[in-house]
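Novice: Let me give you the structure first, and then I'll get to my questions.
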């Protein structure tokens, strides 16, 4: 009985990995790619672009973000940095880096209001205020968490939206991972995104799939205003996906493209930021996106999600270790065969994960053999996020607490 059960579990995991691999690779293959090279398609005009950057307690990153934006070749733009009630030296660092560059505007929310209005997510409120001061035909919302991006980034993005007649464009970035924990944890949730959300279908007008990446959202100002902008999604943790859904459901054209050649970001630095950052997003973000309302449904999601991550990322390695131990202890044919099968499945899973990481440019693919360790930590983050959200305690990020009541 136990032999049939274990063999069946391993085969189910193998099929799950094959499905995961096919879906993620299919999505990548069927997405357009923006490159450094001009495709020799003339767009004619150069519309005015307003770049809007929300920044809260980013004194370590704001200077490098401003530096890379200064190098942009696109000639017709303004850059609005919105200081989101920072409690560190973010505004001072921003002023110092901007120097006398007239394209930049530093907007301090503390000069507008004494505190963030109730029911608003901080980032969404900052971007909403940035829009109020923007003059562009196009609005480009980006995050501070850039490592670097190519000088032609905005230029290529504008060419693409004009050529393809897109109303909202979001780019998939390359993810830089430097610390050990970034290299083994980040590929898990980031690699699951293209499997959970079929990215290639987001570009199809007849599909209800709507996805966006918060590090780069380029939207027509007229479209943004007509759908109500961030005011309509002010309580959404996953504001990027909510904005994409709002735009697409309103009948406008959504575009997702591979931008790894132009856009490199480092989401979180080290274990503490990873734990807090994903604790904010991994449960509440999905719950809001999937519109899961009841506590029973949310509890089921917690169980199914944890089991799914465990089965895909952790189980193959654990079975391989268990089989090896039992094979040496018992010397039976069953455990010998199970050892061979578990090693093969773990090897296939590792190769698939390596290829997915390399294709989507997530961290260092040669850390793929440690997928099991990243999976264990991801499950712990997921459970922490769910427990704190469902209990009403809330998860903390940059001195703010996020709960189900934000939605």
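The values are calculated or read from the model by the stated rules, or taken from the named source; none is laboratory data. Here the structure is a predicted model, which means the values were calculated and not measured. When we count neighbours, we look across all protein chains shown, and the Cβ atoms used for this are built from the backbone with ideal geometry, even at glycine.
Novice: If a residue must be within 23 Å of residue 362 (Cβ to Cβ) and in contact with a helix residue (DSSP H, G or I) (Cβ under 7 Å, 6 or more places away or on another chain), how many such residues does the stretch 1-25 contain?
Specialist: Adding up the residues that qualify gives 9.
Novice: Can you tell me which of (1) assigned by TED's automatic domain parsing to the domain that holds residue 321; (2) over 27 Å from residue 202 (Cα atoms) is the one residue 15 doesn't meet?
Specialist: (2)
Novice: Same structure, new question: Can you pull out every residue in the stretch 141-159 that is buried (at least 22 other Cβ atoms within 10 Å of the Cβ), over 13 Å from residue 74 (Cα atoms) and out of contact with any helix residue (DSSP H, G or I) (no Cβ under 6 Å at 6 or more places or on another chain)?
Specialist: Within the stretch 141-159, just 142 meets the criteria.
Results for (1) more than 17 Å from residue 281 (Cα to Cα); (2) modelled with pLDDT of 95 or more; (3) in contact with a helix residue (DSSP H, G or I) (Cβ under 7 Å, 6 or more places away or on another chain), shown as yes or no for each residue.
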{"position": "180", "(1), (2), (3)": "yes, yes, no"}
{"position": "199", "(1), (2), (3)": "yes, no, yes"}
{"position": "211", "(1), (2), (3)": "no, no, yes"}
{"position": "222", "(1), (2), (3)": "yes, yes, no"}
{"position": "233", "(1), (2), (3)": "no, no, yes"}
{"position": "236", "(1), (2), (3)": "no, no, yes"}
{"position": "239", "(1), (2), (3)": "no, no, yes"}
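Novice: May I pose another question? Of the residues 350, 339, which single one is modelled with pLDDT of 95 or more and either surrounded by 16 or more Cβ atoms within 10 Å (Cβ to Cβ) or under 17 Å from residue 379 (Cβ atoms) (or both)? Even if it seems obvious, please write down each step before you answer.
Specialist: On the way: 339 fails: modelled with pLDDT of 95 or more.
The unique qualifying residue is 350.
Novice: Okay, next question. Just checking, how many residues over the stretch 61-79 are closer than 24 Å to residue 277 by Cβ and either buried (at least 18 other Cβ atoms within 10 Å of the Cβ) or free of Cβ contacts under 8 Å to residues at least 60 places away in the same chain (or both)?
Specialist: So in the stretch 61-79, the residues closer than 24 Å to residue 277 by Cβ come out as 61-69.
Subset that is either buried (at least 18 other Cβ atoms within 10 Å of the Cβ) or free of Cβ contacts under 8 Å to residues at least 60 places away in the same chain (or both): 61-63, 65-67, 69.
Within the stretch 61-79, residues that are closer than 24 Å to residue 277 by Cβ and either buried (at least 18 other Cβ atoms within 10 Å of the Cβ) or free of Cβ contacts under 8 Å to residues at least 60 places away in the same chain (or both) number 7.
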